[in-house]
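Some notes on the structure that comes next.
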Amino acid sequence: MSYTLFYAPGAASMAVHWMLIELDVPFKTVLVDIDNNQQRNQDYLRLNPSGRVPTLVVDDVPYGESVALMMMLAERHPGSNLLPEPNTAQRAEWLQLTLYIANTLMPAMRDWLYAAKDGDPGGAAAVKALAEKRISATWDDFEKRLRGGQPYLMGTTFGTVDMLAIMLMRWSRHMTCAATARPVLRKYIDHVCERPSYRDLNEREGLSGWPD
């Protein structure tokens, strides 16, 4: 197996990058300078016509969409314990939670981050306000899962949903609904971010200042 990850620090590629580190498999990385629109150049668009990160080249074939990439990696490495076994109640719960994150939380995050760029700048404030309501509702759901004292969103086992959740919680750091402002979520964040793989990820991507 060969993997090459095209990434931008702290972007949607972050969870995929983290997962590759967790899997402890050989992989290469290629930095995409999204601040200078490198994701829009023709070389990158040939790999990923959407012009977004991440792109993961798997055995010379490029694929996109961070959640799909993580699901694919988990299936390619079934001994990783990063997702529940097939045909179990936990697997059904994992699918539901994963798609909830992908279909509810991630679009709300994008609406907040790109309200003025993707739509009418005059209506950006209203779009961001609605996005924050949806994000806050997701934090409510996560808190319900964690109030019983379980260390991870799926119970006692760390997995792909935690990597996605932490990435998105980090994105909320400049919002009025920042995840770190909630004690239950802050405890969860601090616990997960103690993982050596997360520290390694931040060092590789040159990230700092969160969740501190």
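Would you check if there is a residue in the stretch 84-102 being hydroxyl-bearing (S, T, Y), at pLDDT 95 or above and open to solvent by less than 50 Å² (accessible area, probe 1.4 Å)? Walk me through it before giving the result.
As a first pass, look at the stretch 84-102 and keep what is hydroxyl-bearing (S, T, Y): 88, 98, 100.
Those left that are additionally at pLDDT 95 or above: 98, 100.
Still in the list and also open to solvent by less than 50 Å² (accessible area, probe 1.4 Å): 98.
Looking for residues that are hydroxyl-bearing (S, T, Y), at pLDDT 95 or above and open to solvent by less than 50 Å² (accessible area, probe 1.4 Å), one finds at least one in the stretch 84-102, hence yes.
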key: Pair list, Cβ under 6 Å, 6 or more apart: the stretch 177-203 residue over 14 Å from E22 (Cα atoms) and at pLDDT below 95, other residue β-branched (V, I, T) and open to solvent by 50 Å² or more (accessible area, probe 1.4 Å)   = none
remark   = Scanning the stretch 139-169 for residues that are under 21 Å from M71 (Cβ atoms) and among the hydroxyl-bearing types (S, T, Y), the one most open to solvent (accessible area, probe 1.4 Å) turns out to be T157
ask   = Is there any pair linking a residue in the stretch 42-62 that is within 11 Å of L5 (Cα to Cα) and open to solvent by 40 Å² or more (accessible area, probe 1.4 Å) to one that is outside any helix (DSSP H, G or I) and at pLDDT 95 or above, with Cβ under 6 Å and at least six apart or on different chains, and which?
value = P62/T55
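Give the stretch 124-181 a look and list any residue that's aliphatic (A, V, I, L, M), farther than 26 Å from S197 by Cβ and more than 19 Å from the chain's Cα centre (by Cα), or say none.
Initially, the stretch 124-181 is screened for residues aliphatic (A, V, I, L, M), giving 124-127, 129-131, 135, 137, 146, 153-154, 161, 163-169, 175, 178-179, 181.
Still in the list and also farther than 26 Å from S197 by Cβ: 124-127, 129-131, 137.
Selection gives A124, A125, A126, V127, A129, L130.
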remark   = the stretch 100-212: helices (runs of 4 or more DSSP H) wholly inside it with 3 or more residues that are out of contact with any strand residue (DSSP E or B) (no Cβ under 7 Å at 6 or more places or on another chain) and charged (D, E, K, R) are 124-146, 183-192, 196-205
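Confirm whether S13 is among the small types (G, A, S), at pLDDT 95 or above and either open to solvent by less than 70 Å² (accessible area, probe 1.4 Å) or over 18 Å from I166 (Cα atoms) (or both). Reasoning before the result, please.
Working: among the small types (G, A, S): yes; at pLDDT 95 or above: yes; either open to solvent by less than 70 Å² (accessible area, probe 1.4 Å) or over 18 Å from I166 (Cα atoms) (or both): yes.
The answer is yes for S13.
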query = Does the stretch 170-207 hold any residues that are surrounded by fewer than 14 Cβ atoms within 10 Å (Cβ to Cβ) and under 17 Å from P151 (Cβ atoms), and which are they?
reply = P183, K187, D190, E194, P196
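Looking only at residues in the stretch 31-41 that are touching a residue at least 12 places away in the same chain (Cβ under 8 Å) and surrounded by 13 or more Cβ atoms within 10 Å (Cβ to Cβ), which one is nearest to L201 (Cα to Cα)?
Step one: filter the stretch 31-41 for residues touching a residue at least 12 places away in the same chain (Cβ under 8 Å), giving 31-34, 39.
Next, from what is left, pick out any that are surrounded by 13 or more Cβ atoms within 10 Å (Cβ to Cβ): 31-32, 34, 39.
Working: L31: 14, V32: 16, I34: 19, Q39: 21 Å.
Restricting to residues being touching a residue at least 12 places away in the same chain (Cβ under 8 Å) and surrounded by 13 or more Cβ atoms within 10 Å (Cβ to Cβ), the top hit is L31.
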task = Using the structure shown, decide if A68 is within 27 Å of R199 (Cβ to Cβ) and surrounded by 17 or more Cβ atoms within 10 Å (Cβ to Cβ).
result = no
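Quick check on the stretch 119-128. Is at least one of its residues touching a residue at least 24 places away in the same chain (Cβ under 8 Å) and either open to solvent by 50 Å² or more (accessible area, probe 1.4 Å) or more than 22 Å from D212 (Cα to Cα) (or both)?
For the stretch 119-128, residues touching a residue at least 24 places away in the same chain (Cβ under 8 Å) and either open to solvent by 50 Å² or more (accessible area, probe 1.4 Å) or more than 22 Å from D212 (Cα to Cα) (or both): absent.
The values are calculated or read from the model by the stated rules, or taken from the named source; none is laboratory data. A quick note: this is a predicted structure, and the numbers were derived from the prediction, not measured. With ideal geometry, Cβ positions are generated from the backbone for all residues, glycine too; neighbour counts draw on all protein chains shown. Areas reflect the complete protein model, heavy atoms only, side chains present, ligands, DNA and RNA absent. Shrake-Rupley method; radii C 1.70, N 1.55, O 1.52, S 1.80 Å.
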